[in-house]
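Student: Structure in structure tokens, see below.
Every number here is computed from the coordinates shown, using simple stated rules; none is lab data. The structure presented is a predicted model; accordingly, all values stated were derived computationally and were not measured. Positions of Cβ are backbone-derived with ideal geometry, glycine not excepted, and every protein chain shown enters the neighbour counts.
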Amino acid sequence: MDIAFLLTPEALVSLVTLTAMEIVLGIDNIVFLSILSTRLPSDQQKRARRIGLVGALGTRLGLLLAISWVMGLTASLFSVFGHGFSGRDLILLGGGLFLIAKSTHEVHSHLDAAEDGAGSKKQGTAAFWPVVAQIVVIDIVFSLDSVITAVGMVPQISIMVIAMVAAIAVMLVAAETISHFVQRHPTIKVLALSFLMLIGVMLVAEGMGQHIDKGYIYFAMAFSLGVELINLRLRRSAPVVLHHQPTLPAEVVPKP
């Protein structure tokens, strides 16, 4: 590793830019970890999140060391109706479908629990290693996208490694705060699951050869999150008042 090169302005700018990009790309990973970990008992949730993030780092570094194999995944394996599918396409397609299915299942479980009034019974009942296995599966998909993005931005593997380690370190620090925030606000959890569905659709589209600019996706997510944060602040500062309450019939008006 050339230390002198890493201290040049060009390398530092590339490192900061790539680290910021990796953190942004890792937010959806943290959200997925936070939601899945709520299925575990409270004393196992932090451990599961740490294993998931360390596993994500290991996957990313492993893919970097096998960079020639990763680049080979872009070669077409077969064609369907004139459209070629590569190994990368199949991984993104499978990961996107898994993310859509898992997010949809979590939304149904969340809403069913709310209707039954049994939200607390739904949490803390899952086994540890099956949850970790689901985290590992989706880590592979997110890691592949992250590594391919890094390769496209920076040619030096040393900068990629430093950026990914720094990004995972930031995510480890932020994971607890994000997880607790998501758990305290059910509407944020549903919104986060909707984001994961959107990312799943984007991955499926990418796997089918339809490129979608991630800037549009992240802007829509940031706008929706901003609106929801404003709603949370308003609900906390003042109770909701119905200005146009319907007039009840005399027979159903409660007596004093």
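Student: Going highest first, how would you order 229-236, 88-95, 136-143 by mean Cβ packing within 10 Å? Working shown, then result.
Tutor: Numbers: 229-236: 11.5, 88-95: 18.9, 136-143: 20.4.
Top to bottom by mean Cβ count within 10 Å: 136-143, 88-95, 229-236.
Student: Can you list residues from other chains, or at least 5 along the same chain, whose modelled amide H is less than 5 Å from the amide H of S86?
Tutor: L77
Student: Oh, and also: Once the other residues with Cβ under 13 Å from the Cβ of Q45 are scored (Lys, Arg +1; Asp, Glu -1), what is the net sum?
Tutor: Working: positive: R39, K46, R47, R49, R50; negative: D43, E176.
Computed value for this residue: +3.
Student: Rank-order 156-166, 190-200 by packing density, defined as the average count of other C-beta atoms within 10 Å over each peptide's residues, highest first.
Tutor: Numbers: 156-166: 19.0, 190-200: 20.7.
By packing density, highest mean first, the sequence is 190-200, 156-166.
Student: Additional query: Grab the other residues whose beta carbon is less than 14 angstrom from that of F181, score K and R as +1, D and E as -1, and report the net. Let's see the in-between values first.
Tutor: Numbers: positive: R49, R184, K189, R233, R236; negative: E176, E228.
Local net charge: +3.
Student: Here's something else I'd like to know. Karplus couplings for segment 219-230 from phi (6.51 cos²θ - 1.76 cosθ + 1.60, θ = phi - 60°), rounded to Hz, Gly and Pro as x?
Tutor: In residue order, the calculated couplings are 5, 4, 5, 5, 5, 5, 5, x, 4, 5, 5, 5 Hz.
Student: May I pose another question? By the scheme Lys and Arg +1, Asp and Glu -1, what is the net charge of all other residues having a beta-carbon under 15 Å from that of R236?
Tutor: +2
Student: Additional query: Give me P(r) over segment 157-221, computed from all C-alpha to C-alpha distances, binned every 5 Å, as integer percentages.
Tutor: 4, 14, 14, 15, 21, 20, 10, 2, 0
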